[in-house]
1. Compare A:Arg211, A:Arg111 by solvent-accessible area with a 1.4 Å probe and give them largest first, with all protein chains kept in place.
2. Give me the net charge for the shell around A:Arg251: Cβ to Cβ below 12 angstrom, other residues only, Lys and Arg +1, Asp and Glu -1.
3. What is the calculated FRET efficiency for A:Glu195 to A:Ala385, with r their C-beta to C-beta distance and R₀ = 41 Å, to the nearest 0.05?
4. Loop-only check: which trypsin sites (Lys or Arg not before Pro) in the stretch A:1-94 are DSSP coil with at most 16 other Cβ within 10 angstrom?
5. Take every Cα-Cα distance within the stretch A:319-403, group them into 10 Å bins from 0 onward, and report for each bin the whole-number percent of pairs it holds.
6. Stick to Cα atoms and the Kirkwood definition of Rh, then tell me Rg/Rh for the stretch A:1-125.
7. Just the ratio, please: alpha-carbon radius of gyration of the stretch A:183-225 over 2.2 N^0.38 Å, N its number of residues.
8. What's the Kirkwood radius of the stretch A:209-286 in Å, using all Cα pairs?
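The values are calculated or read from the model by the stated rules, or taken from the named source; none is laboratory data. Please read these numbers as outputs of a predicted model, since none were measured by experiment. Positions of Cβ are backbone-derived with ideal geometry, glycine not excepted, and every protein chain shown enters the neighbour counts. These area figures cover heavy atoms from the full protein model, side chains too; ligands, DNA and RNA do not enter into them. Shrake-Rupley method; radii C 1.70, N 1.55, O 1.52, S 1.80 Å.
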Amino acid sequence: MAEREKFYITTAISYPNGAPHIGHAYEVVAADAIARFKRIDGYDVFFMTGTDEHGLKIQQTADKAGTTPKALVDEMSAKFRTMADGLNCSYDRFIRTTDADHLPSTHELWRRMQEKGDIYLSKYSGWYSVRDEAYYDESELTKQPDGSWRAPSGTPVEWIEEESYFFRLSAYESRLLALYEDHPEFIAPQTRRNEVVSFVRSGLQDLSISRTTFNWGLPVPADPKHVMYVWIDALNNYLTGTGFPEADNPRAHYWPADVHIIGKDIIRFHTVYWPAFLMSADLPLPKRVFGHGFLLNKGEKMSKSVGNVLDPLDLAEAYGVDQLRYFFMREVPFGQDGNYSHEAIVNRINADLANDLGNLAQRSLSMIAKNCEASVPQPAELTQADSDLLWLADALPGKVRGAMGDFALHTALAEIWSVVAEANRYFASQEPWVLRKSDPARMATVLYVTAEVLRAVGILAQAFVPTAAEKLLDLLAIAPGDRVVATIGAGGRLAPGTSLPQPQPIFPRYIEAEA
RNA sequence: GGCGGAGUAGCUCAGUUGGUUAGAGCAGAGGAAUCAUAAUCCUUGUGUCGGGAGUUCAAAUCUCUCCUCCGCUACCA
């Protein structure tokens, strides 16, 4: 057997300065679906998510709460991990930038960049608002009557100069442009790529990569009064996850990442800074970076003031984990912004999951249980209608693989469910409940073909709705090792006579609670 | 301001390199069936394809122009 091809996928790591929200849930669920699909498609997958735990804000939040940064991030990071677990996300490692192996890894990256001559000590200066804890560009400031300057937020600013290490980002402009040119797939979707190319073309300045104004962070090698600023510390988690710099680490072969799944708001860090760092360190670059969109609550961004902040686990409890996952991935074209609302979620759950797939499984498997001695029926000769439907099911792997290759999760699901819809039409037109009396052999064939379609659908659905798909495959008595994409089609057909368990509903309908 | 994207049925969107009567899902209306989670199936749309002009035998699909919306235009991530 040939060695399996590796596939390394990551989410961004979350900043645990507040509780996880629906955006975090969306990202990790989408990445999980891709990871799960790759696994059932035969890849050696490494899927990583985690938390980015250093920085001024964490330190301040801890101060305000009267605790230590470490105690704070221990508590907060656990919430993110609990969320990922609660949403049934199959990460192989949950990395934390406070993990012990992240320091040597990041020091090594820094050292290599320094060796290249790309890191130098200078001064970082600018208009700083103490109250906002942020620097502002001069163009953003407004002059007050007394001659002083104010930030956009109205707070006073002062000119600050701070010693800082810089990365020679400006030296990488042409190499980055060449990367985008030679690998147009590196940044997706297309619209994000356009933005990045335009940004880099406009010229790059060197990047401040250390701070002396706080100390909750990784110390700069040989100059511990500096801590590394977020860019290097956070981005390097992807390398740390593979055991860098240990060449003999069992995960070393996963680098470079095949894809970073991130929010569109941090596309620049992943497509400009990150590859430049890696080029400097003479390390291979990630193959692709995908910037997904945001989920909006009825068109509005989630915010505490609007009062529409939702806890993802509350949603999962209300609708079901698989149901919520399905909604996220089916409703919104991956890469674009999308809306969610109670009505939309319920509609998807009931129409697609309970009615279309759940009911198809129930009606066909019940008939098998009652009329075929509770075992896989023996098909007779296939009619054109049978072959046509099987052909559609057998063609699904190619279509879904193609869609998943472009991270078009919504398209993959649409493809799968179009076959479910076709199977419902087939079932209605074949009327096996009539055949039961008029032509039992024909009935058995129709039920067999339907079960075969359910098998293909169940296998592919594992990536998106793992628990329900598992239930469906259990009902079909598919052996654990056979629940892979490669068995879909003529080579892996159900064996007639295999006894089947008592059918159980796989997706309940969502019933509105009494108001 | 500069660069880029989008504007197609009530809603969400598909529409490869221009080519028969512009499609899907959902919602709405009517009907059939009863195996099934009151699920399913069938039928049903007179849409100025944002406006205007142009190229072409032929444009939602190319060109120009105008209108509207959105994103990016670096150190909060």
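1. The ordering from most to least exposed comes out as A:Arg111, A:Arg211.
2. Around A:Arg251, the surrounding residues sum to -3.
3. Efficiency for this residue pair is about 0.25.
4. A:Arg4
5. Values per bin, smallest distances first: 14, 29, 34, 19, 5.
6. Using only Cα positions, Rg/Rh for the stretch A:1-125 is 1.06.
7. With N residues counted in the stretch A:183-225, Rg over 2.2 N^0.38 Å equals 1.82.
8. When all Cα pairs of the stretch A:209-286 are included, the Kirkwood radius is 13.7 Å.
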